[in-house]
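Step one of this worksheet: look at the structure below.
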Amino acid sequence: MREQPLKEVTQLIHAIKVGLVEGSYGITNKTLDIFKYIIISKSWKNADALMQIVRAQCRILQAALPQETVTSNIARRILKLTREEFDLLHAKVQHFADDSQASLSLHKLVTQTSESNVSVDYSVPQQGLREALLDHLQEVETELETSSENICVQAEEHIHSSEIILTLGHSRSVENFLKRAIKKRQFLTIIVAECAPACRGHNLAASLAAEKNVEIIVIPDAAIFAMMSRVNKVIIGTHSVLANGGLRAACGAYTVALAAKHYSVPVIVLAPMYKLSPLHLCEQDAFNMVGCAEDVIPYDSIPAREAKVYSPMFDYVPPELVTLFISNTGGHAPSYVYRLLTELYHPEDLEI
Amino acid sequence: MPQITETGKEFGEQESFISSLFKLFNRRLLADVVKYFLQLLDKDKDMSYGIAAIRTLLMILEKKQFGTIHILHTTMREAVAAMRNTDLSIAAIVSAGELFCRFITLSLDDKHMEECRLIMINRGKIFLDKLDNSRQVIAKQAQRFISDGCRILTHSRSRVVLKALITASQNKKSFHVFVTQGGTGNSGEEMIRDLNAAGIDCTLILDSATGYVMESVDFVMVGAEAVVESGGIINRIGSYTMGLCAREMKKPFYVLAESFKFTRLYPLNQRDLPNEYKYSRKHLSDVSKVHPLVDYTPPVYITLLFTDLGILTPSAVSDELIKLYM
Amino acid sequence: MINTNDQVSQTESQTSKAKPKKLRQRNRPRNKRNRVEDSTTTTTESSTTTESTMPGENSQQDAATREQVMAEREAKKQAKQAKKQKSAPPATKIITEVEQTTITTKLTTTTTTTARDKPEPPAATAAPAAPIAAVTCTAAVVTETGDKTRDQIKAEREAKKAAKLAAKVAKSSGAKVEAPVQQLADLKVTEKTPAPSVAPAPAADEDKKKPALSKAERRAIQEAQRAAKAQGQGQVKKAQPAAKAPVKSTATHTAPKELKRESVSPVKKTTTASPSKNSSGSAKSECKVKLFNHLVSAEKGASLFINDPLVHPSMARLGVQYAQRTVVGSNARCIAFLHALRQVVQDFETPAKKEFGRSLDAAVQHHVDHLHKCRPLAVSVSNAYKQFRNQVTQLPADVPEAELKEILVHFIDTYIENQIGKAAQAISSSLQEKITDGDVLLTFGCSSLIQFICEEAKRRQVAFRVIVVDSRPTCEGQEMLRRLHAHGIPCTYVLINAVGYVMAEATKVLLGAHALLANGYVMARTGTAQVALVANTHNVPVLVCCETHKFSERFQTDAIVYNELSDPNELVRDDKCCLKNWASKAHLTPLNLNYDITPPELVSAVVTEVAILPCTSVPVILRIKPDIGY
């Protein structure tokens, strides 16, 4: 069954592909707007219908942008919200002490009574669902807006004075985090690896250089291992966080994490909650994508005619190389990511 | 009729009389239990020991009348002990039995015995249904990780792994499987036979060739007899070595285990594993000359666990168990 | 004498014809080319004169004296010409020039980087000015007569003030000479940027107009002083190369025109933006330098390449090639060095009453020091030099010079053939067994040895392919790609951040090395350690191919203890890059490291011509190496 995309969804896909909307935050915001629009304006009679619409649009977005997992993450959040609000309004299911309503667990397996064996029927029309959803959605929006700030306030706890920090490329979260740290701490040295071929590290360096009381050193990617012996901390951003606690980060992050492991330097990853995705690293084809190779070697050079040139965008960083995740809800170990996922998303929504 | 309290404690002097009567009654019961258990396993070769144990316990619940919950508990425990004595995989039986007991007696309100019993039977049936399907669920989850042209290493014979591989092959994927002999017995050959029957390419290798083969495989997939609280597994001897090699060669190590295999054990090392798990009953008196049947693989060597509750990291197992037993 | 015979004769003729030649020059049409040429020829003149006064003897004191005399004479001549050109008080000029050139030549002869406290403070003051002065004068002779732009005058004044202050400062403390010296040098050198001739002009006028410090000059001098105070020794070091730059620019040499032009451009690149920013410039480099304070920076003065009369032209050319990275790569540098050395040996003339061996040794030492200043010596080069020295000390006595030269030249040729040529063949043949059909070799950067191995494998018609990993800013991998492509080897090309992406396909990693350290660490181009690290994670064996002549007795545990820094501006991509004005941003520094150190646990094997060894067996080879012979 081919689902028809909404006009807004098509526009969003186009905007993302063309580059008008870029960065995870921007995409998340726009996607949230679309779903809000769906909730407000679309005619849906019951929770089930709404969830169908959301699922359909999410599938379309996923198919169009397989790497942008934030779209499906937000869709899953919406679905979970819908279920929650519906249940609250129904006040049917007895909630147990913890939130095991949402999660499959041994406990749940073991304690199900015969009534609760029947899954909740979402197709019953429910009064006040729309308003409740919009309220809750407001909360989600606020959370989204303040996610950056919430991460930054933790800067003080993790960075002390006279530290040498290494970072890679240009991440919005890392930039704000470091700026906050610079304000609060003295004599920081920040080493920025430029992350060729886009060299976005230069942007970060230029932006940080405007601050006082900090020393910025820009190094080429090749010097990461050489400098690592002097680095105190590695702070990087990521594109998304996978279900096992691993990362899908900018290409080059794997090398940074490996070098940090070699010298036992802690790797701190700044990841707001909307980047947490319940995917696993299994389909290698869909995991990575390659970008334009022109920056790597110009098309018109002679060997480039016959050589294969790759410019991959992402890198997989296994969870054992990551020391700490800092998200807007606080700090977490990579082994705890599974728990965050169960709190964020409903298990039935893992496969949209 | 003595009052039934929540804990099922009986009153006073009648207790001793009934319990002694009960004990006489029990010996026969237990013999029946074991017979039923073995019958179940005979009939269906594919049934896991844990499931068979649960079925047996359910049968007891259905067939017998119990005065008190306390008696019920005791009977169940004794039944489990009897099944353990059959010298089959004790870990699965213990964990399944434990879980079943917990399951049926959990948060029973102040109701009549009969009502309780009906509730428990109901729950038991639901539980069993869910668990029957668990292998299916696990196999489905493992599909995404088996890609075309991949090379898989597995240890001896595991029905869950077999099911996962057969499902993958039915989904038109072609891959190659290396199967270790699995020590004494011919479980390795049985696995090869089953795989060949399903049309899957496979090779039988010596247990000692695990290190040699490891650099050329893509990942390791094993079953488990029990999943312990630390997130590690108890599995046929040789699994620990395989886990060590896999970690050294940076290959993922996947464990396929149903949820009823979760048990509240926490071994610290190989020595810390109880002897009943490691040796068959007849050798328990003198273990110095015998080699164990199972070993313990710590969670640090395991990449992911595929269970019917979802794909879990080893640290999530402890979470599950805590939720259950607290 | 180090100079060629022809040069010596030319010197004589030139000296004798100095006057009329200059007169002729005066009437030639003025254009940029002539100006440059003229400065060259005039500098040539003076250099040859000074050269002729300096026989290549060991005693530098004698040289100084003789030089002094000749320099004075030369200065006088130049003064006279300048007088004819401009109506300037000749007297002061001549005197100052004499003093200046004296100090100049003194300074030239001492090639080591020691603080110079010459006896005559005023002379010392004028010293920096002097070199410029001499060049200036001669150049000024041919510049537009009397037409000085306002800028020129200002600059001249500034320079003079700075020089004067330097004198005062020199009186107080020796080290501080450097500050204004550098200040002055930078001034001068910066002035050179508009046009080569304009720069010397101000200095000339500086001699004539001594009084009143202008505001700018005062400020500049103050800043320089402050900087000097703040940075102490660090400043001294930095000032040294820069100071020597103007110093050397006075002394003349026989470098061809092109060299001068080439050297002017590096000046433009390496000097800081403007005189006023000098102190801040040095303060800036302190920023990054906190971590790399001990490493030699890439700052080089222009005149490093223009002058030294003791340096053979082929060596001077080599120096420029090193500094400008025209000749890169361990083997290439070594071979180039040995070729130049052979030339030097062949052209060497033992000075009277001196022993061939010792005098040659000293001369070669001087050359090697010069090369080291252009770019820190490669391990292969210093090893070759050591071997050469050994050979020189072992020369038999009582053998005619020609035969000794024969021996040395033969030694050099054998060294190249055995240590580099045959070693490469041996390494290649031992590796050929390891390269089989279906192999995917991964290599990093550009290594002549790896290229040789791949070519050999291709010749044997092995079906393999190569993945070339490259990194900014040098992008040497493109060169490797080009070479491999020319031999028809199928290649893949990625940047180093994608090495995790391609490593899964690779079956072997082949790396070249700059040197192998005695504790088993591999010193190679920056990025090699990263490639080895990722290879280890993917269980891909790492083979380092290294000839034994690159084995070093040094110990080093990480890449920061010793390294070479190159031009940070290479990191700036293009005009639109955010780093474009990094110099103007106070705390921003690009860092361009040349080498990094790979720990031995990441390397599976080192392939040498002697054997395939584990990385930890380097000291074994060093121990048995003398027995291997050449």
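Some observations on this one:
- Take each residue of peptide B:304-317, count the partner chain Cβ atoms within 10 Å of its Cβ, and average: the result is 5.
- Here the stretch C:290-422 is treated as a sphere whose radius is the Kirkwood value from Cα pairs; by Stokes-Einstein at 20 °C and 1.002 mPa s it diffuses with a coefficient of 137 µm²/s.
- FRET efficiency for B:ASN133 and A:ASP295, using Cβ-Cβ distance with R0 set to 56 Å, rounded to 0.05: 0.60
- With 20 Å bins from 0: P(r) over chain B, alpha-carbon pairs, percent: 30, 54, 15, 1
- For C:PHE444, the amide hydrogen comes within under 5 Å of the amide hydrogens of C:VAL469, C:GLY512, counting only partners 5 or more places away or on other chains and with H modelled in the peptide plane.
- Relative contact order computed over the stretch A:154-344 (Cα-Cα under 8 Å; 6+ residues apart), in percent: 21
- Relative contact order (%) - criterion: Cα under 8 Å, at least six apart; region: the stretch A:117-207: 26
- Around B:LYS289: net Lys/Arg minus Asp/Glu count, Cβ-Cβ under 14 Å: +1
- Share of pairwise Cα separations in the stretch C:492-547, more than 13 Å, in percent: 60
- Kirkwood Rh (inverse of mean 1/r, distinct Cα pairs), chain A, angstrom: 22.1
- Of interest is the spacing of the C-alpha centroids, which for the stretch A:272-342 and the stretch B:211-259 amounts to 26 Å.
- A:LYS45-C:GLU403 pseudo-label distance in nm [points 7 Å out on the Cα-to-Cβ vector]: 11.6
- With at most 11 other Cβ atoms within 10 Å, longest stretch of chain A clear of loop GluC sites (Glu not before Pro) (DSSP): A:23-350
- Out-of-range pairs (alpha-carbon distance over 19 Å; input B:LYS35/B:LYS64; A:LYS80/B:LYS125; A:LYS7/A:LYS36; A:LYS233/A:LYS275; A:LYS212/C:LYS585): A:LYS80/B:LYS125; A:LYS233/A:LYS275
- For the stretch A:154-344, average projected area of the Cα convex hull in nm²: 11.5
- Against chain A, whose longest principal axis is taken from its Cα atoms, helix A:24-41 shows a tilt of about 20°.
- Folded to 0 to 90 degrees: helix A:47-64 orientation relative to chain A principal axis, Cα: 30
- Dividing the mean sequence gap of close Cα pairs (under 8 Å, 6+ apart) by how many residues chain A holds gives a relative contact order of 17 percent.
- Sparse packing (at most 13 other Cβ atoms within 10 Å of the Cβ) combined with a DSSP loop state is found for the following trypsin sites (Lys or Arg not before Pro) in the stretch B:228-270: B:LYS250.
- Counted over the stretch A:154-344, the DSSP beta bridges are approximately 30% antiparallel.
- Cβ-defined net charge surrounding B:SER158, 10 Å radius [Lys, Arg +1; Asp, Glu -1]: +3
- Inter-chain neighbour count for A:251-260: the average number of beta-carbon atoms from partner chains within 10 Å of each residue's beta-carbon is 5.
- Chain B: angle of helix B:159-170 to the longest principal axis, Cα-based, in degrees nearest 10: 50
- Cα gyration tensor of the stretch C:434-624 - equivalent ellipsoid semi-axes, whole Å, descending: 28, 23, 14
- Of the Cα atoms belonging to the stretch B:154-243, the radius of gyration and Dmax stand at 12.8, 37 Å.
- Relative packing of A:219-228, C:454-463, which averages over residues the other C-beta atoms within 10 Å, highest first: A:219-228, C:454-463
- Using the Cβ of C:ALA340 as centre and a radius below 13 Å, the other residues enclosed give a net charge of +2, where K and R count +1 and D and E count -1.
No value in this document is a laboratory result; all are computed from the given coordinates. As the structure is a computational prediction, the values presented were derived from the model and not from experiment. All Cβ positions, glycine included, derive from the backbone under ideal geometry; neighbour counts span all protein chains shown.
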